[in-house]
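Structure below; questions to follow.
The values are calculated or read from the model by the stated rules, or taken from the named source; none is laboratory data. Because the structure is a prediction, the values reported are computed rather than measured. All Cβ positions, glycine included, derive from the backbone under ideal geometry; neighbour counts span all protein chains shown. These area figures cover heavy atoms from the full protein model, side chains too; ligands, DNA and RNA do not enter into them. Shrake-Rupley method; radii C 1.70, N 1.55, O 1.52, S 1.80 Å.
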Amino acid sequence: MARGPKKHLKRLNTPKHWMLSKMDGIWAPRPSQGPHKLRECLPLMLILRNRLKYALTGKETKMICMEKLVTVDGKVRTDPNFPAGFMDVVEMPKAADAFRLIYDCKGRFVLHRVSDEEKKFKLCRVNRVDVTLKKIPVVVTHDGRTIRYPDPLIKTNDTVKVDIATGKIIGTLKFETGNMCMVTKGRNSGRVGIMAHIEKHPGSFDIAIIRDAAGNSFSTRSENVFVIGNKDECEITLPKGKGIKLDIIQERDNIVKMRKLVA
């Protein structure tokens, strides 16, 4: 019988999108409790060591964090296992590097480099609209923020644009047909498209039907959809591929083209 919280994580049990080699050891860094779930985050240790190659070992990563050289959403994080998640801005001010954690078209976390203007804000999905015991209206976002006195027009599933320095809401994107969105869970995670239709299923899960820029349609649960822009423009820059999923034949053709260019 388990007595207390689990403190270890074996490499074979880590989420697939961490892309860890199964032969590099037995253990993996277990994310601390924080704003994102264990299987929906990327610990700072993997960002600094495996992705950005700022460190070779876990000990070096810990030394970088303890010197207060890494910020997540504008706050210094000294815990190497801190869970950074979707839409978080990870910055190394000394190296003048800023990255937004976002999914590629295959549902894997990518560190997408952002400009000085873009690193000042992030998009947050509204999970809950509530009123506190003292009758203060609040919204609770996907990254654990509780923002007081929001615009009364903000509803559950909408996306709010949050200023990282102040934590205030500076814009709203409605969860409605015609808006650009990204899928954050399920088999279609990382895909980007325009929301074409929302099927209502009382007592079950509402289904969103999305059409991407290549004309392909796909469907997912509405709770998996994250609005990232209006019909004409996206509020954030997207990583390579722009969220359009290719089939294996198109992928092969692209690889052949690249090899010909290199040759």
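Find how many whole Å separate the alpha carbon centroid of the range 95-121 from the alpha carbon centroid of the range 55-74.
Here the answer is 18 Å between Cα centres.
Now a separate question. Could you work out the local net charge near Leu52, counting Lys and Arg as +1, Asp and Glu as -1, over the other residues with Cβ closer than 14 Å to its Cβ?
Taking every Cβ under 14 Å from that of Leu52, the sum is +3.
In the chain, carbon and sulfur make up what percent of the accessible area (probe 1.4 Å)?
Using a 1.4 Å probe with all protein chains present, the chain comes out at 54 percent carbon and sulfur.
Roughly how many Å² of Lys120 are accessible to a 1.4 Å probe, to the nearest 10?
Surface accessible to solvent at Lys120 totals approximately 110 Å².
Using the crude model of +1 on Lys and Arg Cβ and -1 on Asp and Glu Cβ, and no other charge, please compute the dipole size for the range 1-75 relative to its Cα centre, in debye to 20.
320
Ranked highest first by average number of other Cβ atoms within 10 Å, how do 16-29, 38-51 line up?
Top of the packing list down: 38-51, 16-29.
In deg cm²/dmol and to the nearest 500, what is the mean residue ellipticity at 222 nm of the chain if only DSSP H runs of at least 4 residues count, each as -39500 (n - 2.57), divided by the residue total?
-3000 deg cm²/dmol
Let me check against my output: what whole-number percent is the relative contact order of the range 66-206, with C-alpha pairs under 8 Å and at least 6 apart?
It rounds to 16 percent for the range 66-206.
Hey, another quick one. Going by accessible area, probe 1.4 Å, with all protein chains left in place, what is the ranking of Glu235, Glu176, Glu117, largest first? Could you put the intermediate results ahead of the total?
On the way: Glu235 50, Glu176 90, Glu117 125 Å².
Most to least solvent-accessible, the answer reads Glu117, Glu176, Glu235.
Quick check for you: with a 1.4 Å probe and neighbouring chains kept, what is the accessible area per residue of the chain, in Å²?
Values: 15600 Å² over 263 residues.
Using a 1.4 Å probe on heavy atoms only, each residue of the chain averages 59 Å².
Quick one, which of (1) 1.07; (2) 1.00; (3) 2.03 is the actual Cα Rg over 2.2 N^0.38 Å calculated for this model?
Checking each listed value against the structure points to (1).
What percent do you get for the relative contact order of the chain when only Cα pairs under 8 Å and 6+ apart count?
12
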